[in-house]
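A short write-up of the structure that comes next.
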Amino acid sequence: MNNDLKRLISLHDLDVMISDLQNKDIRKQEKKLGLSPAAAVVELKKMRGELALLITRRNRNMYDQLASHYGNAVVPVIHERCSGCFTQLPTAFVASPDRNKQVETCPACGRFIYWCD
């Protein structure tokens, strides 16, 4: 798998974890248990910053734009469809032997896509 693609997927995962920790319902549950998510959020944001520096500027900027627009900027291809917009991908995309060897985007929504197989 392409290194930038791996990093984009990891960046997305970190963003989801940060968002979950900042979610009010989760904070209420942690408060009941006596836990503080603040330290975890700080550490995750630090990790996110370090990881973002390893991604090419073009892909990082595109990721930020997609994340602010859609919420999820990196999505898997499931049953030959982009799982972000559910558009059937062109046969040339699906049949390509270079899947995951380069960073690809959905031709319909522009999200970064990857194959799980």
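The values are calculated or read from the model by the stated rules, or taken from the named source; none is laboratory data. Nothing here was measured: the structure is a model prediction, and the numbers come from that model. Counting neighbours? That spans all protein chains shown, and the Cβs are built from the backbone with ideal geometry, glycine included.
Considering only residues in the stretch 86-109 that are among the small types (Gly, Ala, Ser) and either over 15 Å from TYR70 (Cα atoms) or at pLDDT below 95 (or both), the one that is surrounded by the most Cβ atoms within 10 Å (Cβ to Cβ) turns out to be SER96.
Limited to the stretch 1-30, what total is found for residues that are assigned to a helix (DSSP H, G or I) and modelled with pLDDT of 90 or more? Residues meeting the conditions: 14. Among the residues of the stretch 94-113, is any in contact with a Phe, Trp or Tyr (Cβ under 6 Å, 6 or more places away or on another chain), part of a loop (DSSP other than H, G, I, E, B) and either closer than 21 Å to ASN3 by Cα or charged (D, E, K, R) (or both)? Yes, that holds for at least one residue. If I go through the stretch 47-85 residue by residue, how many of them are assigned to a helix (DSSP H, G or I) and surrounded by 11 or more Cβ atoms within 10 Å (Cβ to Cβ)? The qualifying residues number 16. Here are the criteria: (1) surrounded by fewer than 13 Cβ atoms within 10 Å (Cβ to Cβ); (2) modelled with pLDDT of 95 or more; (3) in a loop (DSSP other than H, G, I, E, B). Tell me which single one ASP117 does not satisfy. Only one criterion is unmet by ASP117, namely (2).
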